[in-house]
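The values are calculated or read from the model by the stated rules, or taken from the named source; none is laboratory data. All of these numbers come straight from a predicted model, not from anything done at the bench. As a convention, Cβ positions derive from the backbone with ideal geometry for all residues, glycine included, and neighbour counts pool all protein chains shown.
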Amino acid sequence: MQILNNNQNTNFTGAFRFKPNEIKAKADVPQLFTQGKQVFHDILEKGDEVIVLRNNYDKRVGNYIKEYNIEGIEYYPEINTKSGLDDEHPEGLLALIKDKAVIVKKNMQEIFETIATQKSPKKMKAHNVNKELIKISDALRLNIENPKIVSNKSFTRVRDDNKKRTIELIAPNKATTYVHVVPDSLNESSTKCIINGKGELVKKFETPTDIIRFNKLFKKMKTENVNQLIIK
């Protein structure tokens, strides 16, 4: 498993370690997020807590520690992982924290300054989302009118009120888009398929085995991306 990652599209960037005596912070901070977090305990000493967060979530923790004047904290801004760390085996996190090259901020002012200079994740341009949606609509003959679009870089949710359905798209790369068309009515079948970069239908998932495989993969990719939605 690759833990260290310099790719600009890393999913998890930044970690906070709360010392054992910061009981309130250890209880409160994980509750600031419903998703996009990984929490570890007893990493450098018994009773400590480390929370690793998704891109651009560090500012929320920064606001909390500033409001409550939390001092028993260390911040690791450069702990980057592509798809998170293994919760059950924290050795990967421990190796990163103990690495001699890792940057750690212990001074409160330094922590705030570092968080303040972080760049926000790049937002997908609305016209690119619309262009992709047109290709998929043509390939599947969806005939979407007045769509309501919510999107981030690789996940898009489209609400089609006219046809009473929701369309979810996940594009892990430019050549592949996973498409899930979900009708509001339980009497209608959903569509699960893959569209290539040219807007061509590559595969439809129709057999029970294929549908199970699609659902598992789609759910995993959706969970990784849905936290960063941007309304267009």
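Some values worked out for this structure:
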read-out: Only listed residue being surrounded by 14 or more Cβ atoms within 10 Å (Cβ to Cβ), outside the structural domain of Thr223 (by TED's automatic domain parsing), modelled with pLDDT of 90 or more and small (Gly, Ala, Ser), chosen from Gly84, Gly36, Gly92, Gly72; value: Gly72
read-out: Hits in segment 16-49 (condition: touching a residue at least 12 places away in the same chain (Cβ under 8 Å), part of a helix (DSSP H, G or I) and among the small types (Gly, Ala, Ser)); value: Ala25
read-out: Top-ranked residue in segment 147-176 [being over 17 Å from the mean Cα position of the chain (by Cα) and closer than 17 Å to Phe214 by Cβ; ranked as surrounded by the fewest Cβ atoms within 10 Å (Cβ to Cβ)]; value: Thr176
read-out: Flag for Ile144 being surrounded by 12 or more Cβ atoms within 10 Å (Cβ to Cβ) and in a strand (DSSP E or B); value: no
read-out: All strands (runs of 3 or more DSSP E) inside segment 152-232 with 2 or more residues being in contact with a His (Cβ under 9 Å, 6 or more places away or on another chain) and either modelled with pLDDT of 90 or more or farther than 20 Å from Ser137 by Cβ (or both); value: 165-173, 191-196
read-out: Filter pass, Asn130 being assigned by TED's automatic domain parsing to the domain that holds Thr166 and either at pLDDT below 80 or over 30 Å from Leu201 (Cα atoms) (or both); value: yes
